[in-house]
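Engineer: One structure is given below, represented as structure tokens, and several questions about it will come after.
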Amino acid sequence: MIKTWTQILLSAVAFILLQVLVVNYIHLFGLVSPFIYIYIILKLPLDLSPSRVIFASFLVGLAVDMFSNTFGMHAAACSLMGLARLPVAKLSIDMREMPDRPIPSYKMLGVVVFLRYAAPLVAIHHAALFAVDAFNLFQPVMLLQRFTFSFIASFLLLTAIEAFNLNQVKNSER
């Protein structure tokens with residue numbers, strides 16, 4: 001268990017730093033802004049209590065906010081994502097067949113189930129983030145475009161990270 005929490009903490013620091021030092025500066029065509037730090041929330045153990053998930057999600061978002069000068073936008077979006085995580089997991093994952101301390105992954109869930117688990121959570125995060133960012137609905141087409149293209153970019157990056165993680169696991173098993 002300590003090994004799991006150490007890994008989660010180290011990966012959280014790595015993803016937050018990668019987000020604020022590199023990925024925050026990617027803005028393609030003024031529409032695409034990928035967010036990879038939410039991978040931390042996706043990979044929290046499934047048996048973690050909802051209050052701990054929401055608290056951890058809030059802290060992750062707050063850390064990104066502190067480095068990005070976004071005044072709580074990421075904390076709010078991550079908290080909502082953490083709140084929605086358990087209902088989404090129950091809808092997309094058969095929880096009865098999970099091992100002890102289940103951490104969502106391609107290997108444990110299969111690719112399709114993992115994507116079915118991750119897609120709604122990424123969409124919830126992005127919808128909340130862009131709604132708070134816009135703070136109005138005067139440009140609904142632009143808001144919808146930013147949401148759609150950023151969702152696609154983030155989702156593709158997160159699936160690539162998870163595929164890379166799967167390859168690392170397979171290589172270490174050899």
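Engineer: Among all helices in the chain defined by DSSP H, which have a length of 30 Å or more along the axis from Cα atoms plus a Kyte-Doolittle mean of at least -0.5?
Structural biologist: Once both thresholds are applied, what remains is 111-134, 140-173.
Engineer: Got a number for carbon plus sulfur as a percent of the range 1-49's accessible area, 1.4 Å probe?
Structural biologist: C and S fraction of accessible area: 78 percent.
Engineer: I want the local charge near residue 48. Using Cβ-Cβ distances under 12 Å, sum +1 for each Lys or Arg and -1 for each Asp or Glu among the other residues. Walk me through the numbers on the way to the answer.
Structural biologist: Working: positive: 43, 52, 85, 101; negative: 47.
Taking every other residue near residue 48 into account, the sum is +3.
Engineer: Just to be sure I understand the model, the point goes 7 Å from the Cα along the line to the Cβ. What's the resulting residue 152 to residue 9 distance in nm?
Structural biologist: About 4.0 nm, to one decimal.
Engineer: Moving on. Could you work out the local net charge near residue 71, counting Lys and Arg as +1, Asp and Glu as -1, over the other residues with Cβ closer than 15 Å to its Cβ?
Structural biologist: -2
Engineer: Continuing with the same structure: With a 10 Å cut-off between alpha carbons and a GNM built on the chain, which of 29, 58, 164 moves the most?
Structural biologist: The residue with the greatest mean-square fluctuation here is 29.
Engineer: Moving on. Give me the net charge for the shell around residue 109: Cβ to Cβ below 13 angstrom, other residues only, Lys and Arg +1, Asp and Glu -1. All intermediate terms of the calculation are to be shown ahead of the outcome.
Structural biologist: Values: positive: 43, 107, 116; negative: 94, 97, 162.
Computed value for this residue: 0.
Engineer: How much of residue 146 can a 1.4 Å solvent probe reach, expressed as accessible area in Å² and rounded to 10?
Structural biologist: We get 60 Å² for residue 146.
Engineer: Next question, about the same structure. What do you reckon, how do 49, 154 stack up by accessible area (1.4 Å probe), largest on top?
Structural biologist: Working: 49 45, 154 0 Å².
Highest to lowest solvent-accessible surface, that is 49, 154.
Engineer: For the chain, with every protein chain kept in place, what is the accessible area per residue (1.4 Å probe, Å²)?
Structural biologist: Heavy-atom SASA per residue in the chain reads 56 Å².
The values are calculated or read from the model by the stated rules, or taken from the named source; none is laboratory data. In this text the structure is predicted, and so the values were computed from the model without any measurement. Cβ atoms come from the backbone with ideal geometry, glycine included; neighbour counts cover every protein chain shown. When the accessible area is computed, the model is the full protein with side chains, heavy atoms only, and any ligands, DNA or RNA have been set aside. Shrake-Rupley method; radii C 1.70, N 1.55, O 1.52, S 1.80 Å.
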